1. Describe numerically, in nm with one decimal, the distance between label points set 7 Å from Cα along Cα→Cβ at ASN14 and at LEU42.
2. Would you pull out the residues with amide H under 5 Å of ILE62's amide H, same chain only if 5 or more places away, H placed 1.01 Å from N?
3. Taking only the alpha-carbon positions of the stretch 10-76 and ignoring solvent, what does the Debye formula give for the base-10 log of I(q)/I(0) at q = 0.17 Å⁻¹?
4. Relative to the compact globular guide of 2.2 N^0.38 Å, what is the alpha carbon radius of gyration of the stretch 43-83, as a ratio?
Amino acid sequence: MPDEIVEIDKTTINALASSTRRTILKTIKCRPMTVSELGRVLAINKSAVFKHLQILQSADLITKQSNDNEFVYYTLTMKGDCILEKEGANNKKIFFVLSTFFCVFIIGLLMIYSAINRAINPATITQYWDYSPVTIDIPLLLTGFLSLIFAVIFLIYEMKKKDSVFKKSN
């Protein structure tokens, strides 16, 4: 279902513009609910909930379902479910990209710090008359700088990609 193409028109955009309506969609995704249940969960009156539900229904994001005991439950349509799935997938991609960037960046900083710290650490001098030239662990230092460069290039690449999760969709 997440691979389906969902057409987002002006009515859908207007319906998703309200944070209350987005919260309603996420709440209904868990299980079908009545107007009264949504009012209690969201702490707003039933008439306001009903207006939000009408807007969501006109955008074909939710549908009514009646059962034998005369209660009307609202559930997500395939379009509403697909929109919520895509939103969750984008959040996971953003988390992955940023966590990868920060991990590699921090590792690079730690490598650079370690290489410099080894060079200036007084414990490396065995005797007070031992004034040998300072030696820096060049491979460790280079690996640290390469990690920093890789992290920055990775983040720039992810931001410039055609289907980047950082770009706003039209």
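1. A separation of 1.7 nm, rounded to one decimal place.
2. Here the answer is GLN57, THR77, since their amide H atoms fall under 5 Å of that of ILE62.
3. -0.52
4. Compared with the compact-globule rule of thumb, the stretch 43-83 sits at 1.23.
Here, each number is a calculation from the coordinates, and none is a lab measurement. Since the model is a prediction, treat every value here as computed from it, not as a measurement. Please note: Cβ atoms are built from the backbone with ideal geometry, for glycine as well, and neighbour counts cover all protein chains shown.
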